[in-house]
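What follows is a set of notes on a single structure, which appears directly below.
What follows is calculated from the coordinates using simple rules that are stated; it is not laboratory data. For clarity, every value in this text was computed on a predicted model and none was experimentally measured. Every residue, glycine among them, receives a Cβ derived from its backbone with ideal geometry; neighbour counts consider all protein chains shown.
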Amino acid sequence: MSERLEAILPQVPVEGIVIHIGKAGIGMGDLAEARLLPDGRVGIFAVIRQRVLGIFPTRRMGYIGHLGPVAERILSPALIEGLLLRLRIVVLTPEHLATNGPPEIHVSVWADPQRLAPWLDLGALYVPPLADDQDRDQVSLTTA
């Protein structure tokens with residue numbers, strides 16, 4: 001049975017970037033992976049380019065940074081339970097293009113919202129409808 005994946009976090013910044021983006025060979029659209037780190041943070045890993053002995057190019061899965069506290073609260077329980085998550089790099093600002101600030105990496109997180117729902121605080125996600133929407137709902141109920 002396949003799971004229905006939806007974007008639960010469309011754009012999340014990666015904090016504490018430990019690689020040189022320009023030399024790592026990562027690009028927008030590349031797959032990433034989320035793993036729990038020993039200190040409780042959610043680490044982001046991607047296939048990066050490295051050189052062995054400074055000569056031989058290799059590609060391996062390497063740590064690129066970690067997520068912020070809000071994203072960690074959402075994803076940590078899901079990672080503990082082994083929920084399928086799909087991450088992609090969606091924004092990439094390498095060092096040579098980041099003139100006014102630090103380099104940036106943002107990832108999108110996709111998961112099955114039905115399986116993720118037990119760990120989400122749905123009250124914090126609720127946004128009340130606008131007054132115009134309430135009036136339209138009342139009109140549609142009275143005309144139906």
Practice problem: Report P(r) for the range 7-122: all Cα-Cα distances, bin width 10 Å, range 0 to the bin holding the largest distance, values in whole percent. | Solution: 13, 45, 30, 11, 1, 0
Self-check item: Assigned charges on the beta-carbon of Lys, Arg, Asp, Glu; the range 7-122 dipole about Cα centre (debye)
Solution: 460 debye
